[in-house]
Amino acid sequence: MEKDHPAAIGKNEVRVTTKTRIASYLRYVYHTLEKDDEHFQTVVLKAAGRAIARLVPLVELIKRRIVGLHQDSKISSTMVMDKTRSGEDVERKIVTLEIILSKEPLDKTAYGYQQPLPETEVEEYVVFTPGTAPPHQKEGFEIREEQPARGRGRGIRAGFRGLRAGFRGGF
C-alpha cells in the first residue's frame with residue numbers, strides 16, 4: 001500500500017491509531033490543554049478507518065475529565081489508491097473523523113457541535129505518580145514494599161502442546 005508521508009502536525013493535533021493506549025492519548029491531551037507552558041485552547045483529534053472506534057470513547061473520557069470543553073465533529077471520506085497482493089491498483093474509500101475540543105465557544109450552528117457537559121458530570125483528571133496512592137483509593141490506603149514478582153507458570157506440559165499436538169489434545 002502506498003502512503004504519502006503525513007504533513008507536519010501541530011502540538012495541539014493528535015492522530016489516533018489502533019495501536020497506542022487510550023490512557024496515553026488522555027494524558028497528552030490533558031497536558032496540552034492544562035499543564036503545558038503554551039496552554040492551547042483547542043485540541044484537534046483525528047482518526048481514520050478502524051481507529052474511529054478508539055477516538056469516540058477517548059473524546060468522551062476527555063470531556064469527562066476536563067471542565068468546559070466544547071466539541072465540534074466533522075466526518076469525511078477520501079479516496080486512496082491501493083495495490084493488492086497481485087499488483088492490481090484498487091481505489092478504496094477511507095472514512096476520517098476529526099473532532100475539535102475547545103475551551104472557547106465554537107460555532108453553535110455547526111452540524112457536529114456539542115456543548116460542554118455540566119460540571120457535575122466532570123470528574124477532574126488526576127495525574128497518578130508511582131509510589132503514591134491512586135486517586136480512587138480510600139484514605140487508609142498503604143503502599144506495600146515491592147515484592148519480587150512470582151510467575152504463574154502453566155506446568156511442564158503447557159509449553160509442548162503446540163509441538164506435540166495430535167488428536168489426544170497435545171499430550
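See the values below:
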read-out: Within region 49-74, tally of residues that are closer than 25 Å to Val95 by Cβ and open to solvent by less than 50 Å² (accessible area, probe 1.4 Å); value: 13
read-out: Residue pairs meeting the criteria (Cβ under 6 Å; at least 6 apart or on separate chains; first part of a strand (DSSP E or B), in region 26-54; second surrounded by fewer than 15 Cβ atoms within 10 Å (Cβ to Cβ)); value: Ala48/Ile94
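The values are calculated or read from the model by the stated rules, or taken from the named source; none is laboratory data. Note that the structure is predicted; figures quoted are calculated from it, not measured. Positions of Cβ are generated from backbone atoms using ideal geometry, with glycine treated the same way; all protein chains shown enter the neighbour counts. Note: areas computed on protein heavy atoms with side chains; ligands, DNA, RNA excluded. Shrake-Rupley method; radii C 1.70, N 1.55, O 1.52, S 1.80 Å.
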